[in-house]
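The values are calculated or read from the model by the stated rules, or taken from the named source; none is laboratory data. Just so it is clear, the model here is predicted, and its values are computed rather than measured. We place every Cβ from the backbone using ideal geometry, glycine too, and count neighbours over all the protein chains shown.
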Amino acid sequence: MTSFSENKSGGRTMDIQTLDRSENEDWDRFVRACPGGHFFHLSGWRDVVEQSFGHKTYYLKAVGESGIVGILPLVHIKSALFSNGLISNAFCVAGGPLAETDTVRTGLIQRAQALMKEVGANYLEFRDTEIMLDGWEMRNDLYANFENEIAASEDENLKQIPRKQRAVVRKALKNEALGFTVESSIDNFYPLYAESVRNLGTPVLSRSYFKALLDTFDKDCEVLTVTHDGQPVSSVLSFYFNGKVLPYYTGSVAEARRLGSNDLMYWQVMRQAVARNCTIFDFGRSKTGTGPYAFKKNWGFEPRPMPQAFFMAEGQDMPNLNPANPKYKAFISVWQKLPLPVANLIGPHIVSRIG
């Protein structure tokens, strides 16, 4: 392990070290107990990212007299085509430091800035963080998150949904051709997901990545698939964390909107979450002004801006790796026309360099 010391008030010492895998449980215990802790801070992401994409990770922990007092997961993605960044947390929508005190947080950030120089990264990025620091650049106009409480009873849960959307859910519930299953396999999920992202013009993540998510997070990760006349038409992979459910990756056939299968899917995720004693439905991140953004508002969820914080190396510009960037318009148009087997073959090699 590497470490260095930061003087705290009172002359005590804080060590910032790289996490040893034998300490994963201690790390996760701190994440679950710390205000602001998120599923995307968990130690399991290190194994998922390293195994699936081969990126170098740096999971920093601050250690005080009582044990872990702060953490910061970092992934170094170095790509000649896209960017060279140290990201917290890559392939996730949230990250940044968690700490018991401002002093600990400052120590973690300073270590991350030093590490950025050591590995030759062009920037340091914290996702969904309110941290405001001198010398950092913020962007909060690109993404929004949608989160709300889930009522325990079905009747009250339905009443939480705006009238027009509630009617769509009721119609789907009455459709006897629609059913659903809860699964621990990606066999039904992956083809639906792959086709959906191709249609959006986005490179697909690999099948092995999703297998790694299920294997790593086990009971905190599951798939729910909606069928129509026995055929899979909508599917979602969800995470569970501290009383929240996060439907994170989804896929569906073109007819899903007409069938109401996506609406039934999210409703059933809510009810599955209640059965697991969850009280919060985290509808996830969407780009401002897009169809998914409007869809989530139709369910009665209000958007919350998701700030991104960047610390740039001298002479470097803030990265803009998102489909809304005009320079990717032609690429997206071409990608949407690719045969699905071709998109599935080359997509994972591209998206693994974006993060």
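Quick notes on this structure:
- Evaluation of PHE180 against (1) in contact with a Gly (Cβ under 8 Å, 6 or more places away or on another chain); (2) modelled with pLDDT of 95 or more (one fails), failing number: (1)
- Only one of LEU321, LEU338, LEU345 that is in a loop (DSSP other than H, G, I, E, B), out of contact with any Phe, Trp or Tyr (no Cβ under 8 Å at 6 or more places or on another chain) and at pLDDT below 95: LEU338
- Note on segment 127-157: among residues that are under 19 Å from the mean Cα position of the chain (by Cα), of a type in the set (S, T, N, Q) and within 30 Å of VAL274 (Cα to Cα), the one that is modelled with the highest pLDDT is ASN148.
- Where PHE310 falls short, out of the listed (1) in a strand (DSSP E or B); (2) modelled with pLDDT of 90 or more; (3) closer than 30 Å to ASN175 by Cα: (3)
- From the options ALA151, ALA172, residue that is part of a loop (DSSP other than H, G, I, E, B) and of a type in the set (A, V, I, L, M): ALA151
- Residues of segment 294-319 classified as surrounded by fewer than 17 Cβ atoms within 10 Å (Cβ to Cβ) and in contact with a Pro (Cβ under 9 Å, 6 or more places away or on another chain), total: 2
- LEU72, sole failed condition from (1) touching a Leu at 6+ places or on another chain (Cβ under 9 Å); (2) surrounded by fewer than 16 Cβ atoms within 10 Å (Cβ to Cβ): (2)
- Residue pairs meeting the criteria (Cβ under 6 Å; at least 6 apart or on separate chains; first closer than 16 Å to GLY95 by Cβ, in segment 36-64; second of a type in the set (Asp, Glu)): LEU42/ASP28; SER43/ASP28; THR57/GLU50
- If you go through segment 203-258 and keep only what is of a type in the set (D, E, K, R) and closer than 15 Å to ILE186 by Cβ, you end up with ARG207, LYS211, ASP215, ASP218, GLU222.
- Strands (runs of 3 or more DSSP E) within segment 23-126 that include 1 or more residues on the phi > 0 side of the Ramachandran plot, at pLDDT 95 or above and among the hydroxyl-bearing types (Ser, Thr, Tyr): none
- Of all residues in segment 117-131, those satisfying the criterion of being closer than 30 Å to TYR249 by Cα, among the hydrophobic types (A, V, I, L, M, F, W, C) and out of contact with any helix residue (DSSP H, G or I) (no Cβ under 6 Å at 6 or more places or on another chain) are ALA121, PHE126, ILE131.
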